[in-house]
Amino acid sequence: MIRTQSVKSVAQLMSTPHVARALRFFETHADAITEEQIRICSIPASPFGEQERAEYLSRKFAELGLTEVEIDEEGNCLGLLRGSSRAPLIVVSAHLDTVFSKDTNFEVVRRSNKLFAPGISDDGCGLVALLALAQAIQAEQIPIEGSILFVGTVGEEGEGNLRGVRHLFTKGRWAKHVDAFVSFDGPGMDRITNRALGSRRYRVEVSGPGGHSWGDFGLPNPVHAIGRAISRLAGYPAPKEPRTTFNVGHIEGGRSVNAIPSEAAMEVDLRSAAEAELQRLDAFFRRAVRDAVDEENARRRAGDSLLKLKLDLIGERPTGETPPGSPLVELAMEATKLLGVEPRLDQSSTDSNLPISLGIPAITLGAGGTSGSSHSLDEWYDPRGRDLGLKRGLLVILGIVM
Ligand SMILES: [Zn+2]
């Protein structure tokens, strides 16, 4: 755990000569940092396909003099910057994966001030921040007391379901030793994500005998059952506060206009800013699906077989918060203000969800610069102002370990 009295004030840090030089490092090395970002983002990284990028990052970790460099069983790449003691131990992370499939063209194109590539910002700017931060600390030989574990995580995006960070905090060899967690995800300078947005994701499959639309009319119909379930969910009175949302994002089923389908499926995303609301919505949804299938079955002809329901939880992200008064959040607020920017506390779904759910102080920060069209093939990143994000990151990390 981090204790308030052991956290350095940001003003105190900024007046230390080593630190002041490390802060300038991000300005004098701006072009080199951008070149490195281009190299990282040119390496394909899809969900469950992060290995090549992890290998590249671990080579960089080793070159920077980090120790205990490894790729763990889940595929995360780790490197330790050891202080005079192992504690406090802060994890500084960014995610290796993108939302794009492995056949995507990851080539980075530069047009005036902007870099274009899938994942260039999310989370290319976070990954390069890890290297830049480690490099600045090493180059200026900043003496640190605690230790910093740099981690490129796998599986932050949708299908990954936080598998990398989950492994790190539950099964990995550092699991019980982490005192604080900071992840860099995307651009920007004002955002401090201290609240975890929880979600549950389901895949629903309904199957039945199937038959002819005219000749077998009266057989229970899986598409009709899914339709009944969607209609129930769509009527759910989701509160605006705490913000609660649902989405049927994908449906499939059936083959022909004149055949009663033998199967239908849908994928559903449920979210809420509050755990109690998420549970309420979750219970409503599961009941709605069962009732919908029962209703369709109740209309079948005597002797027809029943529809079968398969309901799978395919994703779960915990809700929670690192309180605004915690030393880590206060440190990030103070650093943001001293760099001339008004901080904004925020709620989102990031790698921080996991440590937050375990009671470990965790925040997600922007890594500076600006971006647009995130999660699309036109994603871009503009590195101007990146140094501010890196300076803030460095001050937060040093506030914990110096
Ligand atoms: Zn991201």
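Applying a threshold of 7 Å to beta carbon distances and a minimum spacing of six or more residues, or different chains, the list of pairs starting in region 373-394 at a residue that is without any contact (Cβ under 8 Å) to a residue 12 or more places away in the chain and ending at one that is open to solvent by 40 Å² or more (accessible area, probe 1.4 Å) and in a strand (DSSP E or B) reads Ser373/Trp380. The number of residues in region 298-314 being touching a Leu at 6+ places or on another chain (Cβ under 9 Å) and surrounded by 16 or more Cβ atoms within 10 Å (Cβ to Cβ) comes to 2. Contact map, region 160-183: first residue assigned to a helix (DSSP H, G or I), second residue small (Gly, Ala, Ser) and buried (at least 22 other Cβ atoms within 10 Å of the Cβ), Cβ cut-off under 6 Å, separation 6 or more or different chains; pairs are Arg163/Gly155; Gly164/Gly155. When restricted to residues that are over 29 Å from the mean Cα position of the chain (by Cα) and within 25 Å of Ser199 (Cα to Cα), region 289-332 contains 5.
Assessment of region 231-251 against the conditions (more than 16 Å from the ligand (Cβ to nearest atom), in contact (Cβ under 8 Å) with a residue 60 or more places away in the chain, of a type in the set (Val, Ile, Thr) and over 27 Å from Gly325 (Cα atoms)) yields no matching residue. Exactly one of these conditions fails for His18: (1) under 20 Å from Asp351 (Cβ atoms); (2) at pLDDT below 95; (3) not charged (D, E, K, R). Give me its number. The single condition His18 does not satisfy is (1). Being in contact with a strand residue (DSSP E or B) (Cβ under 9 Å, 6 or more places away or on another chain), surrounded by 17 or more Cβ atoms within 10 Å (Cβ to Cβ) and outside any loop (DSSP other than H, G, I, E, B) is the requirement here; does Leu278 meet it? Here the answer is yes, as Leu278 does meet what is asked. Arg59 meets each of the listed conditions (1) over 23 Å from Arg82 (Cβ atoms); (2) open to solvent by 40 Å² or more (accessible area, probe 1.4 Å) apart from (1).
Among the residues making up region 208-241, those that are part of a strand (DSSP E or B) and open to solvent by 50 Å² or more (accessible area, probe 1.4 Å) are His212, Phe217.
Only a single item in (1) touching a residue at least 24 places away in the same chain (Cβ under 8 Å); (2) within 23 Å of Asn353 (Cα to Cα); (3) open to solvent by 10 Å² or more (accessible area, probe 1.4 Å) is not met by Asp97, and it is number (3). Selection within region 364-388: residues that are away from the ligand (no atom under 14 Å from the Cβ) and among the aliphatic types (A, V, I, L, M). The member of this set that is nearest to Arg163 (Cα to Cα) is Leu377. Would you call Pro143 modelled with pLDDT under 95 and open to solvent by 20 Å² or more (accessible area, probe 1.4 Å)? Yes; evaluated as a whole, the condition is true for this residue. Only a single item in (1) in contact (Cβ under 8 Å) with a residue 12 or more places away in the chain; (2) within 30 Å of Asn105 (Cβ to Cβ) is not met by Glu63, and it is number (1). Please count how many residues of region 121-157 are at positive phi and within 14 Å of the ligand (Cβ to nearest atom). Adding up the residues that qualify gives 1.
Residues of region 17-43 that are in contact (Cβ under 8 Å) with a residue 40 or more places away in the chain and either open to solvent by 50 Å² or more (accessible area, probe 1.4 Å) or over 15 Å from Val108 (Cα atoms) (or both): His18, Val19, Arg21, Ala22, Leu23, Phe25, Phe26, Glu27, His29, Ala30, Ser42.
Just checking: which of the strands (runs of 3 or more DSSP E) contained wholly in region 301-402 hold 2 or more residues that are among the aliphatic types (A, V, I, L, M) and touching a strand residue (DSSP E or B) at 6+ places or on another chain (Cβ under 7 Å)?
308-317, 362-365
Please verify whether Val248 is within 24 Å of Ala302 (Cβ to Cβ) and assigned to a strand (DSSP E or B), treating the condition exactly as stated. So Val248 does not fit the description; no. Only one of the listed residues (Gly65, Gly75) is under 20 Å from Ile397 (Cα atoms) and either within 16 Å of the ligand (Cβ to nearest atom) or open to solvent by 10 Å² or more (accessible area, probe 1.4 Å) (or both). That residue is Gly65.
When the criteria are applied in full, Gly188 meets the requirement of being within 16 Å of the ligand (Cβ to nearest atom) and more than 16 Å from Pro361 (Cβ to Cβ).
The values are calculated or read from the model by the stated rules, or taken from the named source; none is laboratory data. Owing to the predicted nature of the structure, the values given are computational and were not obtained by experimental measurement. Positions of Cβ are backbone-derived with ideal geometry, glycine not excepted, and every protein chain shown enters the neighbour counts. Quick note on the areas: whole protein, heavy atoms, side chains included, nothing else; ligands and nucleic acids left out. Shrake-Rupley method; radii C 1.70, N 1.55, O 1.52, S 1.80 Å.
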